[in-house]
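A short worksheet on the structure shown next.
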Amino acid sequence: MTDNLPSSVDAVVDMLRGGNYVGDRSLSTALYLALKLGRPLFLEGEAGVGKTEIGKVLSEALGRRLIRLQCYEGLDVSSAVYEWNYSMQMIDIRIAEAAGQQDRERIEDDIFSERFLIKRPLLQALEADDSGQPPVLLIDELDRTDEPFEAFLLEILSDFQVTIPEIGTVKAAKPPIVIITSNRTREIHDAIKRRCFYFWVDYPNARRELEILKVKVPDAPEKLTRQVVEFVQHLRNRDLFKLPGVAETIDWTNALIQLDKIDLDPETVNSSLGVLLKYQDDIEKIQGSEAANILDEVKAGIAAGA
Amino acid sequence: MADTPADPPPDSPANTDLTPGMQLLDRLDDNKLAPNIMHFGRVLRAAGLPIGPGKIIDATQAVMEVGIQSRSDFYWALHAVFVNRRDQHELFDQAFHIFWKDPKLLERMMGILLPQIDSGEAPPPEEQPLRRLQEALSQPQDDKPESEQEEEQEEEIELDAAMTVSERELLQTMDFEEMSADEIEAAKRAIAQMRLPITEIPTRRYQVSPRQARVDMRATMRAALRSGGDSIPLKFRKRRTRPPPLVILCDISGSMSRYTRMFLHFMHAVTNDRDRVHTFLFGTRLTNVTRYLRNKDIDIAIEQVTDAVEDWSGGTRIGESLSDFNRFWSRRVLGQGAIVILISDGLDRDAGRGLHMEIERLHKSCRRLIWLNPLLRFDGFQPKSQGIQAILPSVDEFRPVHNLNSLEELIGALNRPGGPRKQGVQEWLTEM
């Protein structure tokens with residue numbers, strides 16, 4: 001392939017870094033392999049750990065078009081792959097009749113031609129853009145669709161082609177880069193996973209999360225950032241129904257800046273906890289004395305470390 | 001299959017200098033590396049990872065791309081190919097570190113560790129993947145005689161378990177607890193015949209239909225061409241329906257022990273009858289046994305379940321078990337409007353502590369929560385125990401489950417369209 005794909009794992013690390021994405025080297029290895037060997041990359045992990053972001057960063061860094069397919073229950077061929085333009089087809093039949101066209105086979109050939117085909121994301125992804133580069137295809141939250149949809153994907157993921165009964169097989173000249181994400185609200189069928197390289201995106205450790213915050217919220221004061229990271233890391237060890245993800249950490253830091261805080265205090269934590277925790281049970285459990293305890297631990301920990 | 005959250009993937013090997021494994025790798029030329037990767041893949045396959053020849057080719061390619069300069073990159077390259085579920089990570093990790101240090105070492109370790117397995121001593125839970133690895137490399141010949149023996153036993157029982165019609169009627173109303181061995185066998189066969197036709201719910205997918213008011217444009221266009229285009233007959237489609245997923249949570253504590261075996265047979269029948277059934281057992285901790293119960297052969301299935309579960313006939317910690325379910329499984333198995341069946345007598349060692357909150361969370365996350373309680377067979381049953389009082393306000397239906405009739409009634413109830421939620425427990429709630 002004559003393109004700008006990174007040539008080593010280190011190059012992938014640099015590329016992600018350049019796109020303001022702070023990730024583990026293990027992720028870069030998986031990503032490098034997926035790019036190099038032309039396989040889809042299957043990213044699984046809790047909500048808000050930056051799975052979707054990888055697709056976006058990739059398209060930006062490589063200068064490729066990003067085609068995003070957001071999955072939902074009931075997603076079917078006509079909204080994901082292609083659909084025929086029925087009203088145009090009908091008009092065409094009327095015109096053919098008016099013109100006295102009798103050859104039925106010709107009409108059929110005519111109205112089931114590419115002219116009347118409405119291309120949806122998966123079919124679009126098989127086409128290169130103007131500069132001849134294949135796009136980045138992001139299939140987001142695959143676990144939200146039902147099992148029948150996974151079957152549509154099999155052909156696309158293994159051979160990068162789509163079979164349309166009326167026309168034939170459409171094959172990508174150059175395979176797109178495919179990123180699939182899943183929040184694991186159900187297990188994806190092995191047939192899909194077998195065609196992909198798999199990577200579990202975990203919550204970052206404190207050091208990594210601090211790096212992420214510095215990149216994503218550069219104007220946050222150093223002291224606040226450290227407190228936020230430590231606080232969130234403590235929360236992730238608690239018995240909560242839904243642990244806060246990196247997205248929540250970033251949101252919370254932004255919220256605290258908007259509140260003009262440079263230092264965490266129990267009152268602020270209590271009033272802004274809704275940014276971090278999204279279940280009432282969890283908020284109830286942490287709010288008040290528990291939050292104050294965690295905060296004390298955090299401050300003591302930072303003081304001891306500094 | 002406990003879903004223990006694994007430790008964060010080790011990043012550190014990147015920084016470790018030449019380990020013995022690395023030196024070994026350096027000595028290997030490509031001719032030797034490929035067979036080693038193949039051998040490694042076979043070890044993982046034997047340990048239960050779904051690895052076919054295609055994956056081994058992929059792995060070899062991946063390693064050639066990444067190179068073997070960095071042990072960490074090598075690790076993650078193989079990881080990306082061989083692992084495709086998060087719970088396989090532990091097994092891979094252990095196998096990797098043993099195998100790539102020295103392939104021979106693994107076999108030697110098997111030799112040292114095997115006698116311990118034979119002695120029947122259960123290794124501590126955190127060493128389980130390792131045990132699976134050991135078993136993967138040794139052929140399990142020692143298992144065979146046992147299962148053959150059991151088969152013979154099984155056959156004997158079947159021979160003298162012939163029944164007349166009247167016996168069958170009697171069987172219907174007899175309490176599982178009072179059955180003799182023969183009667184239990186007969187009941188098991190009756191259960192194996194049971195089907196669970198849950199009312200189907202509409203999905204967001206369509207199918208061709210002669211009636212209903214949604215026009216299927218694609219089918220219409222095709223029909224129009226067939227008829228020549230003078231008139232365009234409309235073709236219709238309607239929503240496809242499908243039974244919702246079913247999740248069964250079954251209590252296997254001491255107080256339930258007389259019933260447990262029968263319920264296992266029931267769960268096995270249900271699991272193999274339809275797709276999207278998930279089965280969990282709990283006593284003091286929660287175990288997902290869905291995969292084992294999918295085995296078509298009931299005896300093999302039950303044997304595997306017995307091996308997987310460690311808390312048979314012990315105490316019950318309903319709250320804790322449900323909390324585990326809510327945290328680790330509910331989002332994965334309750335996705336598309338699941339019906340949950342909770343089989344338990346509600347007798348809780350923790351006296352209902354924390355139970356109400358968990359059962360309420362469960363109730364909120366599913367379409368319908370049905371509680372089956374064998375204690376309900378007693379006429380004067382009073383919802384007095386703390387466990388029962390904690391559960392009852394949060395379920396939609398409360399039913400007995402102690403004989404074949406009650407199982408059949410359950411099937412009938414599942415087949416009726418459900419009324420408003422909690423309708424089935426109103427009379428019990430007023431009694432409390």
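Close amide H pairs (under 5 Å, H built 1.01 Å from N) link residue B:422 with B:396, residues at least 5 positions away or on another chain.
Residues whose amide H comes within less than 5 Å of that of residue A:186, counting only those at least five positions distant or on another chain, are absent (H built at 1.01 Å from N in the peptide plane).
State log₁₀ I(q)/I(0) for region A:248-306 at q = 0.29 Å⁻¹ as given by the Debye formula over alpha-carbon point scatterers of equal weight, solvent excluded. Taken in order of the listed q values, log10 I(q)/I(0) reads -1.24.
What pairs from B:188/B:296; A:56/A:285; A:56/A:261; A:214/A:299 go past 25 Å between their alpha carbons?
Exceeds cut-off: A:56/A:285; A:56/A:261.
Modelled spin labels at residue B:57 and residue A:223, positioned 7 Å past Cα toward Cβ, are 6.2 nm from each other. Across all directions, the shadow cast by the convex hull of region B:334-432 built on its C-alpha atoms averages 6.5 square nanometres.
The order of B:329, B:371, going from fewest to most other C-beta atoms within 10 Å of their C-beta, is B:329, B:371. Mean sequence separation of contacting Cα pairs (under 8 Å, at least six apart), scaled by the length of region A:174-250, corresponds to a relative contact order of 29 percent. Close amide H pairs (under 5 Å, H built 1.01 Å from N) link residue A:178 with A:41, A:137, residues at least 5 positions away or on another chain. Shown here are the Rg and Dmax of the Cα trace of chain A, at 24.6, 90 Å.
Can you give me the orientation-averaged projected area of the convex hull built on the Cα atoms of region A:78-127, in nm²?
Working: hull surface 14.6 nm².
With the hull built on Cα positions only, its mean projection is 3.6 nm².
For chain A, the relative contact order comes to 21 percent (Cα pairs under 8 Å, sequence separation of at least 6). The Kirkwood radius of region B:252-372, taken over pairs of alpha-carbon atoms, gives through the Stokes-Einstein law at 10 °C and 1.306 mPa s a diffusion coefficient of 108 µm² s⁻¹. Calculated FRET efficiency, residue A:289 to residue B:238, Cβ-Cβ distance, R0 = 45 Å: about 0.20 to the nearest 0.05. With R₀ fixed at 22 Å, the C-beta to C-beta distance from residue A:257 to residue A:20 puts the FRET efficiency at about 0.80.
Using the Cβ-Cβ distance between residue A:190 and residue B:39 with R0 set to 22 Å, the FRET efficiency works out to roughly 0.45.
Could you give the Stokes-Einstein D for region A:141-220 in µm² per second, using the C-alpha Kirkwood radius, 10 °C, 1.306 mPa s? Stokes-Einstein gives a translational diffusion coefficient of 101 µm²/s. Cross-link reach is defined here as a Cα-Cα straight distance under 21 Å, omitting same-chain residues fewer than 8 places apart; for residue A:278 the lysines meeting it are A:51, A:242, B:364. Neighbour counting of Cβ atoms within 10 Å sorts the residues B:366, A:196, fewest neighbours leading, into B:366, A:196. Label separation (residue B:306 vs residue A:169): 5.1 nm, computed from points 7 Å beyond Cα along the C-beta direction.
With K and R counted +1 and D and E -1, the other residues having a Cβ less than 12 Å from that of residue A:165 yield a net charge of +1. What whole number of Å gives the distance from the Cα centroid of region B:301-371 to the Cα centroid of region A:58-106? Answer, in whole Å: 47. Mean-square fluctuations from a GNM of chain A, with a 10 angstrom spring cutoff on Cα atoms, peak among A:87, A:78, A:26 at A:87. Taking other C-beta atoms within 10 Å as the exposure proxy, B:330, B:255, B:313, B:321 rank B:313, B:255, B:330, B:321 from fewest upward. Taking each residue as 0.36 nm, the span from residue A:267 to residue A:68 lengthens on full extension beyond its C-alpha to C-alpha distance by 67.6 nm.
Label-to-label distance for residue A:91 and residue A:206 is 6.6 nm, based on points extended 7 Å past Cα in the beta-carbon direction.
Please give the net charge around residue B:425, taking every other residue with its beta carbon less than 15 angstrom from that of residue B:425, where Lys and Arg add +1 and Asp and Glu add -1.
Spelling it out: positives minus negatives among the neighbours equals -1.
The numbers here are math on the coordinates, done by the rules we state, and not lab data. It should be emphasised that the depicted structure is a prediction, and the values quoted were computed from it without experimental measurement. Don't worry about glycine lacking a Cβ; one is built from the backbone with ideal geometry, like all the others, and counts go over all protein chains shown.
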